[in-house]
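The values are calculated or read from the model by the stated rules, or taken from the named source; none is laboratory data. Only a predicted model underlies this, so the values are computations on that prediction, with no experimental measurement involved. Cβ coordinates were reconstructed from backbone atoms using ideal geometry, including for glycine residues, and neighbour counts include every protein chain displayed. Ligands, DNA and RNA are stripped out before the accessible areas are found, and what is left, the full protein with its side chains, is counted by its heavy atoms. Shrake-Rupley method; radii C 1.70, N 1.55, O 1.52, S 1.80 Å.
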Amino acid sequence: MSQPASTLSEASPSNRFPLAALILGGAAIGGSPIFVRLSEVGPMATAFWRVALALIPIVIVSLMKKERGPKPQHLSDYGLLILPGVMLSLDLAAWHLSITMTSVANATLLANLAPVFVTVIAFFFFKARISRVFLLGLALALAGVVVLKGGPAAVGNGDLHGDGLAITAAFFYACYILALGSLRSRFDTMRIMLWSTASAAVCIFPVAFFIEGHMLPVTVYGWSMVFGLAFISHAGGQAAITYALAYLPPAFSSLTLLLQPVVAAILAWALLNEAIGTMQALGGAVVLAGIMVARTSRSSA
């Protein structure tokens, strides 16, 4: 999707730096399933701490840096700044709940359909030009994720309702990416991160409190998991992605985020002693190949 001219005072770098930020952001978010799995509290409570604790570094950086770009002037501006957080909270709630209802492979695989939704929405609602080369890269990357998660046979082991929730999570994450991409033409990274993260925390807290009740980790180890999730995956990963979306098309950005399951598999091997077989290695290679093919496209998707 073509980007409107930025009104920010940030200098426009070459595409290499935003691409590097996007890849690092995807890698940081790729570690989130490990933190969630090792968390001492439930998935909804973990999702709350993910965004609530991330406010600490976000607020500190926001206070330290000089104000850049326009400030929100109207009620509609504040609504737009809150919208990504609402979409993110719906994404996290749907995905975390799907993990408890269907197989982990299905939940992860179907949640990674977000690039498909981004591409479709960008094409039909924003009149983005989608090249055949980009679609080929998208198809390759998605095929790689299927292989990485155990092949087509693994998809048949889930629950229909849980699978539907995972697809719903993918849709909301696509809306989150598109909302961020739209905001980056007007507001700077930290302003967007502050409003979207705070609104996500407000939305997730009542769901976590009334569904799970137990909100507080009981050990230093438990707190280290939610702090790691908040600081690395959200404050670090999402900030890098938000920054990159000012310079890279949302459709390509969402496609690059398919690196997440590759990173998650590598971290599971390194930290949880989960073996990486030939199927997983092949799937990871196909994902990378798909992203490289899409990168060669001159699509404005």
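Charge tally for residue 123 (other residues, Cβ to Cβ under 15 Å; Lys, Arg +1; Asp, Glu -1): +3. Remark: spin-label model distance residue 59-residue 24 equals 2.5 nm, labels positioned 7 Å along the Cα→Cβ axis.
Contact order for the stretch 154-270, expressed relative to its length and based on alpha carbon pairs under 8 Å spaced 6+ residues apart, stands at 42 percent.
Rolling a 1.4 Å probe across all protein chains gives residue 56 an accessible area of roughly 80 Å².
Note on residue 133 and residue 214: the extension gain reaches 24.3 nm, defined as 0.36 nm multiplied by sequence separation minus the Cα-Cα distance.
Once you list every other residue whose beta carbon is under 14 Å from the beta carbon of residue 169, what net charge do they have if Lys and Arg are +1 and Asp and Glu are -1? In short, -2. On the accessible surface of the stretch 196-258, probed at 1.4 Å, how many percent belong to carbon and sulfur atoms? With neighbouring chains kept in place, the figure for the stretch 196-258 is 83 percent.
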